[in-house]
Amino acid sequence: MGSNGIKHVRIDERLIHGQVATMWTNTIKTNRIMIVDDAVVKSDMEKVALKTAVPSGVKLSILTVKGAANNINNGKYEGQQVFLIVKSPHALRGLVDAGVELPQINVGNMSTKAGSRQIKKSVSVTEEDLEDFDSLLKKGIKITAQMVPSEDAVEFASLLKNKK
């Protein structure tokens, strides 16, 4: 576990919403939520919504993949408890390719879209997602699927195997 401050990494298309905001932040005792998403950075509406959804006492960073990688690699969050949230594995692959060490990845919610298939309740993946997950797994990062902290975490690789 690096000292880069990243405590928990989650893929959740809804980013911060009631459930995540309270349960996960309490469970992992985070003091900063970091959203890494190139599109959200450009959307004032989404940024406002996220700021409203952040639990009190928790700081919020909304960054591009490049910006987040630079900040993390430069030790900006050392000693913090950062809860990193992305909408898809693509952003995480970008971070890892930029040299960011991730503790492990928890897949929460990925909704169904054109060309995707469901591998677990509330998790659907496209071919592109699968390539990104594959790249992350090959780097030895542990990936689990878990909607809420009270649910058992499932090995993500086993979900992929079952659905081939």
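The values are calculated or read from the model by the stated rules, or taken from the named source; none is laboratory data. Here the structure is a predicted model, which is why all the values come from computation and not from measurement. In this analysis, Cβ positions are derived from the backbone assuming ideal geometry, glycine residues included, and neighbour counts consider all displayed protein chains. What goes into the accessible areas is simple: the full protein's heavy atoms, side chains included, and nothing from ligands, DNA or RNA. Shrake-Rupley method; radii C 1.70, N 1.55, O 1.52, S 1.80 Å.
Odds and ends about this structure:
- The simple spin-label model puts a point 7 Å past each Cα toward its Cβ; for Val154 and Ala39 those points are separated by 2.5 nm.
- Of the chymotrypsin sites (Phe, Trp or Tyr not before Pro) found in segment 65-157, no site is in coil according to DSSP while having at most 12 other Cβ atoms within 10 Å of its Cβ.
- Amide H within-cut-off set for Thr144, under 5 Å, with H built and near neighbours excluded: Ile105, Asn106, Val107, Phe156
- Within the chain, DSSP assigns beta bridges of which about 20% are antiparallel (rounded to the nearest 5).
- Evaluating 6.51 cos²θ - 1.76 cosθ + 1.60 at θ = phi - 60° for every residue in segment 11-20, the Karplus couplings come out as 9, 8, 4, 8, 6, 9, 9, x, 4, 5 Hz, glycine and proline recorded as x.
- Relative contact order of segment 49-157, pairs being alpha-carbon contacts under 8 Å that are 6 or more residues apart, as %: 21 percent
- Accessible area (Å², per residue) of segment 6-73, counting only protein heavy atoms and a probe of 1.4 Å: 48 Å²
- Fraction of accessible area attributable to carbon and sulfur, segment 1-87 (%, probe 1.4 Å): 52 percent
- Two-decimal log10 I(q)/I(0) for the chain, as the Debye equation yields it once each C-alpha is a single scatterer, q = 0.08, 0.10, 0.11, 0.21 Å⁻¹: -0.21, -0.33, -0.40, -1.59
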